[in-house]
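To start, the structure itself, in structure tokens.
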Amino acid sequence: MRIIVHKDKCQGHARCWALAPDVFKLDDEGYILPGDVEVAERDELLASRGARSCPERALEIDCTADALLARLLFNQACGGFK
Amino acid sequence: MALKPVPDHVPPEMVRDFSLFTSPGMQRMPNGDPHAAVARVHGGPPIFYSPDNTRDSRGTWVITRAKDQRRVLQDSESFSSHRSIFASALGENWPMIPLELDPPAHGVFRSLLNPLFSPKRVMALEPAIRQRAMALIDRICASRTSCDVMSDFAFPFAVNIFLRFLGLSDERLDTYVGWGKDLLHGDSVKRTAAALAIVAFIDELAAMRRKEPTDDVMTFVVETEVDGRRLTDEEVRGIGVLVFVAGLDTVATAIGFDLAHLARNPNDQALLRGEPDRIVPAVEELLRAYSTVQIIRVARKNIDFEGAPIRKGDYISCATMIANRDPAEFECPNTIDLAREDNRHTAFAYGPHRCLGSHLARREIVIGLEEWLSRIPDFRIKEGTAPITFGGHVFGIENLILDWS
Ligand code: HEM
Ligand code: SF4
């Protein structure tokens, strides 16, 4: 699974990091590092929870790759980004 | 209730008899539930005009939907946060920084301060926070089976940590808390007196740290640079005053509302006691359901927003306690579900002004609840007592007498 990071939207809530510290890395100010995140399979659940808890909608779960997984897990189209 | 006069550009049909200060349920009252009272606006229109909705009885537009609030809070070109709330109480005009600066100036100061309040900085404070919580609670349960959570635990805990964070001793803790209370909840005479006392205190502190630097936040502020220059006296004051005021009673209030909820809901209490891992997400849900802050912006230009003819200078209220009970955003918003997922609440705001102290506040609340639940057996609201709650610009809870005899 891949998570697309919209760095310009990040306001440093650090919710993503709180839920999945191994997946989402923050800079010294507490904002997400730029660049999309490749997520290993074992981290997928936590990573998508982290993405979906971002109040700024800065983290987009890449639906093209794993649309089926997202639908199965959360019973909704790609929930991370509205 | 007679409505106050409204400006001519506001269509009469958009005026509602609603106020965070004067509506039913907002007054100081025993066993009140101001959050439930305010959630009723979701039965009405998404935006309306309230003729009396600030501390100084000004009218505001009220944005009820989370989605629309996000648009306002993201659009600082149209909606400014510069209101001189604090300085205007003194007849002056300097901004609290970064709260009352708009981007791009906001970002310069925000980047400066972010590292001091980052999640990593807060992690380093964890042992001190926990130790303080343990010491206070141990002292309470050594001799008693009942206490007032607000004065015996929440305030001495949160304010002590906060002062330590700023590099201040807590000898004058009660004085500081008194200033905070007068400023947020006092009449205009008390507010002005408290504002003057805080400004004098911050100015004096800045002068002391200039003379004798230590390694605290205020020393950082007087020594740091923006654009290759030191900060001006006004900037130092704007930062000092804001940080001091923002952190004084917000965390204690959150702990109060949270423990009141757990006292009244034994199932939730048992759940968290049995599975402490659930406290972290539960705190997010409690922050959502018991949000305390009204955010206000000022229109920088005329703009038609969801059918409302907003004119330059109008105030716009984005109350977090309203957005966080929006049924379009949260399933069954008035049900408190400690295991709620996808909880994108905005108790700490949204957009560039996201609460700078949010990481510290979250850790304090979580640690406070963890230590309370692990040391105090089944607790309930003491018979014959009632917590007093109130609405307003910042919602609050005055007392919370718990009993575990
Ligand atoms: C549960 C506790 C707290 C809550 C609910 C809370 C809530 C908020 C909210 C809603 C805002 C946005 C205000 C606006 O945009 O008009 C804010 C901003 C701010 N808060 Fe907090 N806060 C809390 C604790 C703290 C603490 C402990 C500190 C300091 C240590 C703090 C420092 C600040 C600062 C400096 C800002 C301005 C940020 C900016 O404008 O960029 N807050 N807070
Ligand atoms: S949760 Fe969103 S806003 Fe917060 S740090 Fe992560 S990406 Fe940024």
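The values are calculated or read from the model by the stated rules, or taken from the named source; none is laboratory data. Computed from a prediction, not measured in an experiment: that's the story for all the values here. Here Cβ is always computed from backbone atoms with ideal geometry, including for glycine, and neighbour counts include all displayed protein chains. In case anyone asks, the SASA skips ligands and DNA or RNA and just uses the protein heavy atoms, side chains included. Shrake-Rupley method; radii C 1.70, N 1.55, O 1.52, S 1.80 Å.
Things to note:
- Scanning region B:279-296 turns up no residue that is open to solvent by 10 Å² or more (accessible area, probe 1.4 Å) and of a type in the set (Lys, Arg).
- Sole exception among (1) farther than 30 Å from B:Ile279 by Cβ; (2) surrounded by fewer than 20 Cβ atoms within 10 Å (Cβ to Cβ); (3) modelled with pLDDT of 95 or more; (4) in contact with an Asp or Glu (Cβ under 8 Å, 6 or more places away or on another chain) for B:Ile336, by number: (1)
- Out of B:Phe220, B:Phe244, B:Phe201, sole residue that is open to solvent by less than 10 Å² (accessible area, probe 1.4 Å) and of a type in the set (Phe, Trp, Tyr): B:Phe244
For (1) of a type outside the set (Asp, Glu); (2) more than 14 Å from chain A (Cβ to nearest Cβ); (3) more than 13 Å from ligand 1 (Cβ to nearest atom), each residue gets a yes or a no:
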| position | (1), (2), (3) |
| --- | --- |
| B:Ala89 | yes, yes, yes |
| B:Pro98 | yes, no, no |
| B:His106 | yes, no, no |
| B:Pro115 | yes, no, yes |
| B:Ile137 | yes, yes, yes |
| B:Cys141 | yes, yes, yes |
| B:Gly180 | yes, yes, no |
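- The set of residues from region B:343-361 being within 8 Å of chain A (Cβ to nearest Cβ), within 8 Å of ligand 1 (Cβ to nearest atom) and open to solvent by 10 Å² or more (accessible area, probe 1.4 Å) comprises B:Thr346, B:Phe348, B:Pro352.
- For the criterion of being more than 14 Å from chain A (Cβ to nearest Cβ), touching a residue at least 40 places away in the same chain (Cβ under 8 Å) and more than 15 Å from ligand 1 (Cβ to nearest atom), B:Ala195 passes.
- In summary, helices (runs of 4 or more DSSP H) completely within region B:53-117 and bearing 1 or more residues that are open to solvent by 30 Å² or more (accessible area, probe 1.4 Å) and within 18 Å of A:Gln11 (Cβ to Cβ) occur at B:66-74, B:105-113.
- Flag if B:Ala207 is more than 17 Å from B:Phe86 (Cβ to Cβ), without any contact (Cβ under 8 Å) to a residue 24 or more places away in the chain and in a helix (DSSP H, G or I): yes
- On the stretch given as region A:1-20, residues that are at the interface with chain B (Cβ under 9 Å from one of its Cβ atoms) and open to solvent by less than 60 Å² (accessible area, probe 1.4 Å) total 6.
- The set of residues in region A:25-42 being within 11 Å of another protein chain (Cβ to nearest Cβ) and either touching an Asp or Glu at 6+ places or on another chain (Cβ under 8 Å) or assigned to a loop (DSSP other than H, G, I, E, B) (or both) consists of A:Asp27, A:Asp28, A:Glu29, A:Gly30, A:Tyr31.
- Selection from region A:1-27 of residues that are touching a residue at least 40 places away in the same chain (Cβ under 8 Å), within 16 Å of ligand 1 (Cβ to nearest atom) and not charged (D, E, K, R): A:Cys10, A:Gln11, A:His13
- Considering only residues in region B:362-382 that are within 14 Å of chain A (Cβ to nearest Cβ) and in contact with a helix residue (DSSP H, G or I) (Cβ under 6 Å, 6 or more places away or on another chain), the one that is nearest to A:Ala18 (Cα to Cα) turns out to be B:Arg363.
Okay, residues lined up against (1) in a helix (DSSP H, G or I); (2) within 16 Å of ligand 2 (Cβ to nearest atom):
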{"position": "B:Pro327", "(1), (2)": "no, no"}
{"position": "B:Ala339", "(1), (2)": "no, no"}
{"position": "B:Ala347", "(1), (2)": "no, yes"}
{"position": "B:Tyr350", "(1), (2)": "no, yes"}
{"position": "B:Cys355", "(1), (2)": "no, yes"}
{"position": "B:His359", "(1), (2)": "yes, yes"}
{"position": "B:Val366", "(1), (2)": "yes, no"}
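- Qualifying residue in region B:43-50 (condition: at pLDDT below 95 and among the polar types (S, T, N, Q)): no
- Options B:Arg139, B:Arg164, B:Arg191, B:Arg121; residue that is in a helix (DSSP H, G or I), away from ligand 2 (no atom under 16 Å from the Cβ) and at pLDDT 90 or above: B:Arg139
- Qualifying residue in region B:254-276 (condition: of a type in the set (Gly, Ala, Ser), in contact (Cβ under 8 Å) with a residue 40 or more places away in the chain and within 10 Å of ligand 1 (Cβ to nearest atom)): yes
- Unmet requirement for B:Arg340, which otherwise passes all of (1) in contact (Cβ under 8 Å) with a residue 24 or more places away in the chain; (2) within 16 Å of ligand 1 (Cβ to nearest atom); (3) farther than 14 Å from B:Val149 by Cα: (2)
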